[in-house]
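The values are calculated or read from the model by the stated rules, or taken from the named source; none is laboratory data. Bear in mind the structure is a predicted one, so any value in this text is a computation, not a measurement. With ideal geometry, Cβ positions are generated from the backbone for all residues, glycine too; neighbour counts draw on all protein chains shown.
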Amino acid sequence: MKKSFVMLVISLLTLVLVGGAALAQTGNLAIWSAASEEEAQALIAEFKKLYPGISVDLIRAGSGELLTRMQAEAPRPGGDIILGIAKESLDAVYDLLEPYKAAHHDEIPENLRDSADVPRYYGYSMPLQAFMVNTDLLAPEDYPRTWKDLADPKYKGEIILANPALSGSAYAQLYMMYDLYGFDFCVAVGKNAIFTASSTMVPEAVARGEYAIGVTGEGNIALAINDGAPVIAIYPEDGTGARFDGSGILKGGPNPENAKLFMDFLTSLDAYRIIVETRQRRVVHPDAPGPGPLPPLSEIVLIDYDDAEAAAIREDLTMRFSDAVF
């Protein structure tokens, strides 16, 4: 009799504990995403495998619209997660994000997440810049290996760049060179190069063999390689800027506990692999594969990219550069 009573108590306690765990994994979650519909839905599908009791609502919109909504609905936003927003934009709404140290915190490099002890956002994907080299036009011993190499007179007329006054990615390239080696170096590179108004013309021209070298987003190089163009990606040995977009928990959102579960999942290697496989995008986890034919992040030298300074000096730097080069 006594033994039966003990077993009954144990059974009831088990039911309570299991029920409590299930309760913690039910309810709702609202995700506001600037990432593509396909990408967000793939992540949600995998998250639902882990937590089938959580109902997930997705709102897909542009970054500007989502940031405006965050500010308009604070301090009680209708969303729980902001997904795939540029780091500088997250910094602009930093106080509207909830501090949370995710389960996979230590797996994400420090320069690819909020630097606070308890971060308000973690890196998502990365628009890395790299050299695109046409292998029909240059022998391996002549490939540029560093930003400094781009100023070598032997490359004069062989480099195509986008105008940094007209392209965000081209300005990022200019700022990286300026941050590493100063304004005079930027001018030396500029005088070696041919400029185009459209950033999309850079990879297209190198792939066609019109120019030997271009500087462009690595995704453009991956596409050209997959299309059979005789090109390779070279990541500068003196580093490419660690620019990234990120994700975080909205402060005051309706489902904070489920938001934490999602951030734990989103910062896992499994989630980052989904992003790579779905959209062939570079992600911030060093153990995730590179997009398509490109190397993993662990093989690329990264340098810090000061978004705030880059934005503050953009008008002055582009104007001075244009006056000196064009």
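Assorted remarks:
- Residues of region 1-54 satisfying the condition of being at pLDDT 50 or above and β-branched (V, I, T): T26, I31, I44, I54
- The residues of region 182-205 that are over 25 Å from the mean Cα position of the chain (by Cα) and aliphatic (A, V, I, L, M), listed by number, are V187, A188, V189, A193, I194, A205.
- Residue, nearest to P119 (Cα to Cα), within region 67-109, restricted to residues that are more than 18 Å from the chain's Cα centre (by Cα) and of a type in the set (D, E): E98
- All positions within region 25-65 that are buried (at least 21 other Cβ atoms within 10 Å of the Cβ) and among the hydroxyl-bearing types (S, T, Y): S33
- Some residue of region 226-246 being touching a helix residue (DSSP H, G or I) at 6+ places or on another chain (Cβ under 8 Å), among the hydrophobic types (A, V, I, L, M, F, W, C) and more than 27 Å from N111 (Cα to Cα): yes
- Number of the condition not met by I275 [criteria: (1) more than 27 Å from Y100 (Cα to Cα); (2) buried (at least 23 other Cβ atoms within 10 Å of the Cβ)]: (1)
- Per the conditions (1) under 27 Å from L297 (Cβ atoms); (2) assigned by TED's automatic domain parsing to the domain that holds S167, the sole criterion not satisfied by A139 is (1).
- The residues of region 139-163 that are basic (K, R), in contact (Cβ under 8 Å) with a residue 24 or more places away in the chain and in a helix (DSSP H, G or I) amount to a single one, K148.
- Among the criteria (1) among the hydrophobic types (A, V, I, L, M, F, W, C); (2) in contact (Cβ under 8 Å) with a residue 40 or more places away in the chain; (3) outside the structural domain of I81 (by TED's automatic domain parsing), the one M177 does not fulfil is (2).
- Within region 194-219, the set of residues being β-branched (V, I, T) and surrounded by fewer than 17 Cβ atoms within 10 Å (Cβ to Cβ) comprises I194, T200.
- Residue that is nearest to D179 (Cα to Cα) [pool: residues in region 278-301 that are in contact with a Ser or Thr (Cβ under 9 Å, 6 or more places away or on another chain) and surrounded by fewer than 20 Cβ atoms within 10 Å (Cβ to Cβ)]: V301
- Of the numbered criteria (1) closer than 26 Å to G241 by Cβ; (2) out of contact with any His (no Cβ under 9 Å at 6 or more places or on another chain); (3) not polar (S, T, N, Q), the one H104 fails is (2).
- Residue tally, condition aliphatic (A, V, I, L, M) and under 19 Å from the mean Cα position of the chain (by Cα), over region 110-160: 5
- Test for S33: is it in the same structural domain as L266 (by TED's automatic domain parsing), without any contact (Cβ under 8 Å) to a residue 40 or more places away in the chain and among the hydroxyl-bearing types (S, T, Y): no
- Search result, residues across region 241-292 that are touching a His at 6+ places or on another chain (Cβ under 6 Å), closer than 23 Å to I303 by Cα, in contact (Cβ under 8 Å) with a residue 60 or more places away in the chain and not hydrophobic (A, V, I, L, M, F, W, C): T267
- Which listed residue, of Y181, Y124, Y175, Y143, is at pLDDT 95 or above, surrounded by fewer than 20 Cβ atoms within 10 Å (Cβ to Cβ) and more than 24 Å from R208 (Cα to Cα): Y181
- Of the numbered criteria (1) outside any strand (DSSP E or B); (2) touching a residue at least 60 places away in the same chain (Cβ under 8 Å); (3) out of contact with any helix residue (DSSP H, G or I) (no Cβ under 7 Å at 6 or more places or on another chain); (4) closer than 30 Å to K260 by Cα, the one D136 fails is (4).
- Any chance I85 is aliphatic (A, V, I, L, M) and modelled with pLDDT under 95: yes
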